[in-house]
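Report on one structure; see the data block that follows.
The values are calculated or read from the model by the stated rules, or taken from the named source; none is laboratory data. Keep in mind that what you see is a predicted model, and the values were worked out from it rather than measured. Here the Cβ is made from the backbone with ideal geometry for all residues, glycine too, and neighbour counts use every protein chain on show. Just the protein is used for accessible areas: all its heavy atoms, side chains included, with ligands, DNA and RNA removed. Shrake-Rupley method; radii C 1.70, N 1.55, O 1.52, S 1.80 Å.
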Amino acid sequence: QRIVLSPNMRHLERAFNASKYGAFSEAPVLEMMANGNQLSITAAYAPFDLKQGWASGAPAFQQAVLGVLAPHMSGLDDQIEAATLLTPPDVAARYGSAGGHWHHGDIAFDQSFMMRPVHGAAQYKTPLPGLYLCGACAHPGGDITGLPGLNAAKQALKGA
């Protein structure tokens, strides 16, 4: 089960605006998934190049995330046994994802829809013969839908 915490579209825009200026939102948009007693949280729109630097900014960002959650989860502080925060530079270093994007690329207009991940490699087929993209970087994007793989397979079969 997936839960997204964003009261409205205006809130979503304000959270994004902070990242455009090298800051994180004091009320970030959260996407959460539970697995047993573990809660995985993705906080949207954290900038790769945080103006104050992630070394000093990470604790404040984690507190902002918990601040959004606290009103919805009674006794939250008492329930936390351990927490790990992966900042965009952490994601880039650990997974080789440029810009620290967990969907393998910026969700920007020039990398969205049929242009995902880039212009020359849209529609799953790449300039390299026989190479098709089918991961989170391909349309319609990540999560666990399987649609990028299905669409890439259809394109590969057309070329066979």
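Here the Karplus relation 6.51 cos²θ - 1.76 cosθ + 1.60, evaluated at θ = phi - 60°, turns the backbone of the stretch 35-50 into coupling constants of 9, x, 9, 9, 10, 9, 10, 10, 9, 6, 6, 7, x, 5, 9, 5 Hz, with x for every Gly and Pro.
For the chain, the solvent-accessible area of protein heavy atoms averages 66 Å² per residue (probe radius 1.4 Å; ligands and nucleic acids excluded). Expressed as a whole percent, the accessible area of the chain that falls on carbon and sulfur atoms is 58 (1.4 Å probe). Report summary: the helix-based calculation at 222 nm, which adds -39500 (n - 2.57) for every DSSP H run with n ≥ 4 and divides by the residues of the chain, gives -10000 deg cm²/dmol.
Using heavy atoms of the protein chains and a probe of 1.4 Å, the accessible area assigned to residue 20 is about 110 Å². For the chain, the longest principal axis of the C-alpha atoms and the axis of helix 54-69 are separated by about 80°. Mean separation of Cα pairs under 8 Å and 6 or more residues apart, divided by the residue count, gives the chain a relative contact order of 12 percent.
Comparing mean-square fluctuations of 69, 150, 85 from a GNM of the chain with C-alpha springs under 10 Å, the top value falls on 150.
In straight-distance terms, cross-link reach from residue 125 covers every one of the lysines whose alpha-carbon lies under 26 Å from its own, apart from those fewer than eight places away in the same chain; here that gives 154, 158. Rounded to the nearest 20 debye, the dipole magnitude of the chain is 680 debye, with +1 charges on Lys and Arg beta carbons, -1 on Asp and Glu beta carbons, and the Cα centre as origin. Convex hull volume per residue, computed on the Cα atoms of the chain, equals 137 Å³. Amide H contacts of residue 125: 133, each under 5 Å away and 5 or more positions distant or on a separate chain (H built 1.01 Å from N in the peptide plane; Pro and chain starts excluded). Relative to the dominant Cα principal axis of the chain, helix 9-20 is inclined by about 90°. Candidates 128, 27, 68 compared by Cα position along the dipole of the chain: farthest toward the positive end lies 128, with charges placed on Cβ. Result for the chain in a Gaussian network model with C-alpha springs under 10 Å: among 130, 149, 53, the largest mean-square fluctuation is at 130.
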